[in-house]
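Data first, discussion second: the structure below is written as structure tokens.
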């Protein structure tokens, strides 16, 4: 009887542990894009601007905000992203979703993209979205310098970035 209980216990515990071991990287929280990182010029008009380019990906023309972002990428390339409140943060359509669709791109180094389906998922009117997909190529393990970008399906610009989580805390 004791052997059966031990086998049942081990069978229940080890599969759960092996599921936890396949997490490559997690992101908790998000940062909306500010398209221009600096400007040089006279008075209130910048004549020269530095675009806020991340890992070679261009920003959009307007700022975007995001209320929350949670994402988990597994070593097999599966990815789950839950975003809340991804909306325009400026311009005449401030507070709206611009009828945008978004997809996710993971970078583990400076140049190699690992993306979900570029057709994307539509933003809800309140800017909420969910991505449950597989990356188009397998990211390296470990992912040395993780950057997760949420991108516009129409022009591939980035709208938001995930904040990487390191360690065991959720």
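Numbers below:
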| read-out | value |
| --- | --- |
| Members of the stretch 115-128 found to be surrounded by 22 or more Cβ atoms within 10 Å (Cβ to Cβ) and within 21 Å of residue 24 (Cβ to Cβ), listed by number | 116 |
| Residue under evaluation residue 147, criteria (1) crowded, with 18+ Cβ neighbours inside 10 Å; (2) over 12 Å from the mean Cα position of the chain (by Cα), criterion not met | (2) |
| Qualifying residue in the stretch 148-168 (condition: closer than 14 Å to residue 81 by Cα, in a strand (DSSP E or B) and without any contact (Cβ under 8 Å) to a residue 60 or more places away in the chain) | no |
| Flag for residue 86 being buried (at least 16 other Cβ atoms within 10 Å of the Cβ) and within 13 Å of the chain's Cα centre (by Cα) | yes |
| Test: residue 2 is modelled with pLDDT of 50 or more, farther than 17 Å from residue 159 by Cα and surrounded by fewer than 10 Cβ atoms within 10 Å (Cβ to Cβ) | yes |
| Index of the failed condition, residue 80 passing every other in (1) in a loop (DSSP other than H, G, I, E, B); (2) on the phi < 0 side of the Ramachandran plot; (3) surrounded by fewer than 16 Cβ atoms within 10 Å (Cβ to Cβ) | (1) |
| Any hit, the stretch 61-70, residues being assigned to a loop (DSSP other than H, G, I, E, B), modelled with pLDDT under 95 and either farther than 15 Å from residue 154 by Cβ or out of contact with any strand residue (DSSP E or B) (no Cβ under 8 Å at 6 or more places or on another chain) (or both) | yes |
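The values are calculated or read from the model by the stated rules, or taken from the named source; none is laboratory data. Small disclaimer: the values here were computed from a predicted structure and weren't measured. With ideal geometry, Cβ positions are generated from the backbone for all residues, glycine too; neighbour counts draw on all protein chains shown.
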